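Only one structure is covered here, and it is reproduced in the block below.
The values are calculated or read from the model by the stated rules, or taken from the named source; none is laboratory data. Just so we're clear, the structure is a prediction, and the values are computed from it rather than from any experiment. A quick note on method: Cβ atoms are made from the backbone with ideal geometry, for glycine too, and the neighbour counts reach across all protein chains shown. Heavy atoms of the whole protein, side chains included, go into the accessibility calculation; ligands, DNA and RNA do not. Shrake-Rupley method; radii C 1.70, N 1.55, O 1.52, S 1.80 Å.
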Amino acid sequence: MLRDSSAWIDVTRQNGVSRLVMFDGLTMDARWNTSSTGTEQARADLPACGSRVWLRAAADGPPSDDA
């Protein structure tokens, strides 16, 4: 579910180091075009061995009256 303001999580690899990175402040304009990809807020290096990242998410997105 995306709204006009959101956040996202990415797994990046730079200089041989994998990291889990969280961005917030992603924004979209009235036509749902991305106007900002956000700002990095947190990162954590991932272990050199292993290839899976498990994420758990919870959302509270009540229905909107906007149609």
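Couple of notes before you dig in:
- Pair list, Cβ under 9 Å, 6 or more apart: the range 28-40 residue farther than 16 Å from ILE9 by Cβ, other residue aliphatic (A, V, I, L, M) and open to solvent by 80 Å² or more (accessible area, probe 1.4 Å): MET28/LEU2; TRP32/LEU2
- Of all residues in the range 5-23, exactly one satisfies the criterion of being farther than 22 Å from PRO62 by Cβ, open to solvent by less than 50 Å² (accessible area, probe 1.4 Å) and small (Gly, Ala, Ser), namely SER18.
- Verdict on GLY16 being modelled with pLDDT under 85 and at positive phi: no
Condition check ((1) at pLDDT below 85; (2) open to solvent by less than 100 Å² (accessible area, probe 1.4 Å); (3) of a type in the set (A, V, I, L, M); (4) in contact with a Phe, Trp or Tyr (Cβ under 7 Å, 6 or more places away or on another chain)) across all residues:
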{"site": "ARG3", "(1), (2), (3), (4)": "yes, no, no, no"}
{"site": "GLY25", "(1), (2), (3), (4)": "no, yes, no, no"}
{"site": "GLY38", "(1), (2), (3), (4)": "no, yes, no, yes"}
{"site": "LEU46", "(1), (2), (3), (4)": "no, yes, yes, no"}
{"site": "TRP54", "(1), (2), (3), (4)": "no, no, no, no"}
